[in-house]
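Reading through the C-alpha coordinates given below for one structure.
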Amino acid sequence: MGYVVEAVAYLAGAFLIGAGLYLLMRGRFPRWWPGRLLWPLVRVTPFVARLQGLTAIGLGASILIIVFTSIVSGTAGGILVLVALAAYVVALVLYVFSAWLSRRPAN
(Lines give C-alpha, C1' and ligand atoms only; values in the text may rest on other atoms or scores of the structure.)
Protein backbone atom coordinates (compact mmCIF):
# COMPACT_ATOMS: atom_id res chain seq x y z
CA MET A 1 0.00 0.00 0.00
CA GLY A 2 2.88 2.38 0.76
CA TYR A 3 4.25 2.13 -2.76
CA VAL A 4 0.87 3.01 -4.23
CA VAL A 5 0.69 6.16 -2.10
CA GLU A 6 4.23 7.09 -3.11
CA ALA A 7 3.41 6.57 -6.78
CA VAL A 8 0.30 8.75 -6.51
CA ALA A 9 2.33 11.44 -4.73
CA TYR A 10 5.04 11.32 -7.42
CA LEU A 11 2.39 11.68 -10.12
CA ALA A 12 0.72 14.58 -8.29
CA GLY A 13 4.04 16.36 -7.84
CA ALA A 14 5.01 15.84 -11.47
CA PHE A 15 1.59 17.06 -12.61
CA LEU A 16 1.89 20.21 -10.51
CA ILE A 17 5.36 20.94 -11.86
CA GLY A 18 4.13 20.40 -15.42
CA ALA A 19 1.12 22.67 -14.88
CA GLY A 20 3.37 25.29 -13.32
CA LEU A 21 5.74 25.20 -16.28
CA TYR A 22 2.76 25.57 -18.61
CA LEU A 23 1.58 28.65 -16.72
CA LEU A 24 5.09 30.11 -16.68
CA MET A 25 5.50 29.67 -20.43
CA ARG A 26 2.01 30.77 -21.49
CA GLY A 27 1.27 33.42 -18.90
CA ARG A 28 -2.43 32.50 -18.86
CA PHE A 29 -4.70 29.70 -17.78
CA PRO A 30 -6.14 27.40 -20.46
CA ARG A 31 -9.43 28.59 -21.97
CA TRP A 32 -11.17 25.32 -21.08
CA TRP A 33 -10.34 25.82 -17.40
CA PRO A 34 -13.60 26.42 -15.47
CA GLY A 35 -13.82 29.82 -13.82
CA ARG A 36 -14.79 28.32 -10.48
CA LEU A 37 -11.33 26.74 -10.22
CA LEU A 38 -9.85 30.23 -10.31
CA TRP A 39 -11.98 31.24 -7.33
CA PRO A 40 -9.62 33.45 -5.31
CA LEU A 41 -8.42 35.24 -8.44
CA VAL A 42 -10.41 38.15 -9.84
CA ARG A 43 -8.30 39.62 -12.65
CA VAL A 44 -5.88 37.09 -14.08
CA THR A 45 -3.05 39.02 -15.68
CA PRO A 46 -0.04 37.27 -17.21
CA PHE A 47 2.01 38.17 -14.12
CA VAL A 48 -0.59 36.67 -11.79
CA ALA A 49 -0.74 33.50 -13.92
CA ARG A 50 3.04 33.21 -13.82
CA LEU A 51 3.02 33.63 -10.03
CA GLN A 52 0.43 30.84 -9.88
CA GLY A 53 2.79 28.76 -12.05
CA LEU A 54 5.64 29.34 -9.61
CA THR A 55 3.29 28.34 -6.81
CA ALA A 56 2.45 25.07 -8.56
CA ILE A 57 6.13 24.34 -9.17
CA GLY A 58 6.98 25.01 -5.52
CA LEU A 59 4.16 22.82 -4.27
CA GLY A 60 5.02 20.02 -6.72
CA ALA A 61 8.68 20.17 -5.74
CA SER A 62 7.70 20.04 -2.08
CA ILE A 63 5.63 16.90 -2.67
CA LEU A 64 8.40 15.21 -4.66
CA ILE A 65 11.00 16.04 -2.02
CA ILE A 66 8.83 14.69 0.81
CA VAL A 67 8.27 11.41 -1.05
CA PHE A 68 11.97 11.19 -1.90
CA THR A 69 12.87 11.31 1.81
CA SER A 70 11.65 7.73 2.21
CA ILE A 71 14.61 6.37 0.23
CA VAL A 72 17.50 8.41 1.66
CA SER A 73 19.33 8.22 4.97
CA GLY A 74 17.97 9.81 8.12
CA THR A 75 20.20 12.89 8.12
CA ALA A 76 19.69 13.61 4.43
CA GLY A 77 15.97 12.97 4.87
CA GLY A 78 15.79 15.52 7.68
CA ILE A 79 17.52 18.13 5.55
CA LEU A 80 15.21 17.33 2.64
CA VAL A 81 12.15 17.73 4.87
CA LEU A 82 13.37 21.20 5.84
CA VAL A 83 13.88 22.05 2.16
CA ALA A 84 10.40 20.73 1.34
CA LEU A 85 8.83 22.81 4.11
CA ALA A 86 10.68 25.90 2.88
CA ALA A 87 9.44 25.25 -0.68
CA TYR A 88 5.91 24.86 0.66
CA VAL A 89 6.08 28.13 2.61
CA VAL A 90 7.45 29.98 -0.44
CA ALA A 91 4.64 28.51 -2.56
CA LEU A 92 2.08 29.61 0.02
CA VAL A 93 3.46 33.16 0.09
CA LEU A 94 3.43 33.33 -3.72
CA TYR A 95 -0.15 32.06 -3.80
CA VAL A 96 -1.39 34.62 -1.26
CA PHE A 97 0.52 37.41 -3.02
CA SER A 98 -0.88 36.51 -6.44
CA ALA A 99 -4.43 36.34 -5.05
CA TRP A 100 -3.97 39.73 -3.41
CA LEU A 101 -2.47 41.15 -6.60
CA SER A 102 -5.42 39.94 -8.67
CA ARG A 103 -7.89 41.62 -6.31
CA ARG A 104 -6.21 45.02 -6.29
CA PRO A 105 -8.24 47.75 -7.97
CA ALA A 106 -7.12 48.56 -11.52
CA ASN A 107 -5.34 51.89 -11.88
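Couple of notes before you dig in:
- Accessible surface of the chain, 1.4 Å probe, proportion on carbon and sulfur as whole %: 75 percent
- Pairwise label distance in nanometres, ILE71 with PHE47, each label 7 Å out on the Cα-Cβ vector: 4.1 nm
- For the stretch 95-106, backbone phi angles converted through the Karplus equation (6.51, -1.76, 1.60; θ = phi - 60°) give residue-by-residue couplings of 5, 5, 5, 5, 5, 4, 5, 6, 9, 5, x, 6 Hz, Gly and Pro being listed as x.
- Residue-span extension gain [VAL83 to TRP39] - 0.36 nm each, minus C-alpha spacing: 12.9 nm
- Angle in degrees between helix 46-68 and the longest Cα principal axis of the chain, rounded to the nearest 10: 10 degrees
- With only the Cα atoms considered, the stretch 14-107 has a convex hull volume of 92 Å³ per residue.
The values are calculated or read from the model by the stated rules, or taken from the named source; none is laboratory data. Quick caveat, the model's predicted, so the values are computed rather than measured. A quick note on method: Cβ atoms are made from the backbone with ideal geometry, for glycine too, and the neighbour counts reach across all protein chains shown. For accessibility, only protein heavy atoms count, side chains too; no ligands or nucleic acids. Shrake-Rupley method; radii C 1.70, N 1.55, O 1.52, S 1.80 Å.
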